[in-house]
Structure formats: C-alpha cells, structure tokens
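No lab work stands behind these numbers, since they all come straight from the coordinates. None of the values given here were measured: they were computed from a predicted structure. So basically every Cβ, Gly included, is an ideal-geometry build from the backbone, and we count neighbours across all protein chains shown.
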Amino acid sequence: MTALVEERLGGAMERLARLEAQIRRVYVGHDAVVRGTIVGLLARGNVLLEGAPGLGKTLLVRALADSLSLRFSRIQFTPDLMPADITGGTTLHRDETSGVTELRFRSGPVFANLVLADEVNRGTPKTQSALLEAMQEHAVTISGERRALEEPFQVIATQNPIEMEGTYPLPEAQLDRFLVKLQVGWPSFEELKRIGLETTGSRSVTLEPVLSRADVIDLQELTREIVVGPHIVDLAARLTVRTHPTDAAAPDVVRRLVRFGASPRATQALLLCGRANALMEGRGWVSPEDVLAHAPSILRHRIFLSFEAGMDGVKADDVVAAVLSSVSA
C-alpha cells in the first residue's frame, strides 16, 4: 500500500460515515442491509434486496440516491413491461420545419448512474433479461449499436419472496450478476415504534447530497487499492469451492443437496466486498472478518439446491452456514 493510499483512508472513512448517517436520517434499523448496500456501491456491484412488501426496500434505495449527486432512475417492473421500456430505442421523428423524417434514439431509464429495478421479479423473463448486458458490461446494444453507460453505474433491484403471487423467479444468469443478495427482515419492536413515530407526524426530512459523482468514483478506485494478502485470496477461493458438491472437502449437506455451486464471480465478490468493508473501517488491508462478514449475502443466491433440499426444508442460507463452519474449522 502506498503512502498516498494511507493518507486517503481517513478522508474516505469520514465521507462514508457521512453517507451512512444521511441514510439513517430516514431509514431505521437493518444495519447489515445498509452497510451491504454501501459496500455494493464501493465495489461497483449490483445489489438485490429481497423482503416482504412494506419493509422499506424502495425507501433505502431512494435514501441512497438522495444522498448522492448522481442521476437516478426508477423502473417499476410489471408483467406488461417490455425490454424497450428499459433500454429505449429508435423512433421516427419528423422535423416540422424541413419536413424531413429521420430515426432518432430515445434513451430509456437504464441510462442513469443509479437504477432502481423495483419488484424486478414481477417482470417477465424476457424483460428481466434486458438488464443483463447493462449489469455486466455497463453498456446496452440497441439496433446493432453498442452504447456505453455513464460511470458510475449500479443496478439496485428489489424483489418480493418468490413464494408470493405474480412473481417470476430470476434466471440463474441474472442472479449471478448481482454482487450481493441482501435479506430485508422484519423490524424489531423498538424499531417498529420508532418507524411509526417518525413517519406519521408533521415533520418531514429532506436529504441533501453528501457525495458527488467524483467522490463516488474516487472511493470506488480507492476500494480496489486496498491490500489483499495471499491468505485472504485462499479464503475466498476456499469458500467458493466448498459450495460445489464435487469438492472432496465440501460439507455433507453440500454433497447431498446442492446441484450447482457458486461461480468464479463469488470469489471476485468476496475479495471486492472484503476490500470495501476494510475501507469503511478505515483500514488499508483486508482481514478474514471482512470477507466472512459478507459471505452469506454473496453466496446465498449462487447456490442452486436440489429438489430434495426443498422437501427437507433446507435453504441456501443453511448451506452457506455449513460452508462457513467448515472453512472456519
């Protein structure tokens, strides 16, 4: 780590603390979810928020958007939403003065820095796939022309649990493009009282941006300069291979109930989130705890269970817990 990076760590930690405090002005509880969302931003990764309706998933994304000087757009996914409603397309335009008719490109809501894909699993698979190229390559191809998206670019999607009516499970290829999948659970009793008190009165909170576009890009670049030791790389790779039923050291539950384990993107995500977590702590190096803290949100949507797992009531988080235990041991 260079001396320049060391000098920047303190300022980065302060800026990130301001960002988190700004979000906290309107968003109550769910510390791990808030931190995971910021980590996703630092790691230049897409975030999937899953939880029942009314738990504040959309509120969290709006709070993040209001705290950043970035272009924000929201796409409300419904069964009748079409791919062109996301990416945009070419339309005929007639100049009233000259009478000349020409094709012009109309950009869709994906042309923003921060894109909220709200209730993404209510869109059809055809529409969901319109986000694949943008999420992976930060570009979209329309009418044979590839158009780059402005950096920074991030998709934060919300979805209801797949057991609910009117939902379409996300395909494996799209799930793998989300850096993390964060579970938004129910608030505690005390948090529920605070939510009720703060949201039903006459006082309203208006958030102001605390980080500029240049700040976000600088923090993302600094994240990738955080030092990763060989033992951390070994830990990330070991966590990934232990999710595969063909691995000799995999836990018994993996060998019995997992069809496919995590892809190499899991190893990349573990190292990136570890770096981002260390930056939020003001450290220039990654510890094992940085990686393990985000392992569940990185692995849970990259493990595909067998039919027998559903019959036995085994969930992906149960498998991840077994993997973490085996690696820690």
* What residue among Val100, Val34, Val233 has the largest mean-square fluctuation in a Gaussian network model of the chain, using Cα springs under 10 Å? -> Val100
* Structure fact -> Simple spin-label estimate for Arg15/Thr78, 7 Å along Cα→Cβ, in nm, reads 3.9 nm
* Using a Gaussian network model of the chain with C-alpha springs under 10 Å, which one of Arg122, Arg203, Arg302 is most mobile by mean-square fluctuation? -> Arg203
* Unit charges on C-beta of K, R, D, E only; dipole of the chain, Debye -> 60 debye
* Structure fact -> Within the set Gly29, Gly88, Gly196, GNM on the chain using Cα springs under 10 Å gives the largest fluctuation to Gly196
* What percent does the relative contact order of the chain come to when contacts are Cα pairs within less than 8 Å and at least six residues apart? -> 22 percent
* **Compactness of the stretch 226-329 as Cα Rg over 2.2 N^0.38 Å, two decimals** => 1.07
* To do: Estimate the FRET efficiency between Asp31 and Glu102 by the formula 1/(1 + (r/R0)^6), using the beta-carbon distance for r and 41 Å for R0, to the nearest 0.05.
  => 0.20
* **Quarter of the Cα convex hull surface for the chain, i.e. its orientation-mean projected area (nm²)** => 21.2 nm²
* **the chain, helix-only ellipticity at 222 nm - DSSP H runs n ≥ 4, -39,500 (n - 2.57), divided by all residues, nearest 500** => -13500 deg cm²/dmol
* Dipole moment magnitude, nearest 20 debye, the stretch 195-284 about Cα centre, only Lys, Arg, Asp, Glu C-beta charged -> 500 debye
* **Subset of Lys57/Lys193; Lys57/Lys126; Lys126/Lys315 violating a 21 Å alpha-carbon distance limit** => Lys57/Lys126; Lys126/Lys315
* For Leu197 and Ala148, FRET efficiency with R0 = 45 Å and r from the beta-carbon atoms, rounded to 0.05? -> 0.45
* Structure fact -> So, with points 7 Å from each Cα along the Cβ direction, the Thr124-Ser69 label distance in nm works out to 4.3 nm
* Asked: With charges only on Cβ, +1 for K and R and -1 for D and E, what is the dipole size of the stretch 226-329 about its Cα centre, in debye, rounded to 20?
  -> 260 debye
* Structure fact -> quick note, the chain, DSSP beta bridge pairs, % antiparallel (nearest 5) is 40 percent
* Asked: PRE reach from Leu59 (point 7 Å along Cα→Cβ): which of the stretch 185-225 fall under 18 Å by backbone N?
  -> 185-208
* Asked: What's the local net charge at Thr200, with K and R +1, D and E -1, over the other residues with C-beta under 13 Å away?
  -> +2
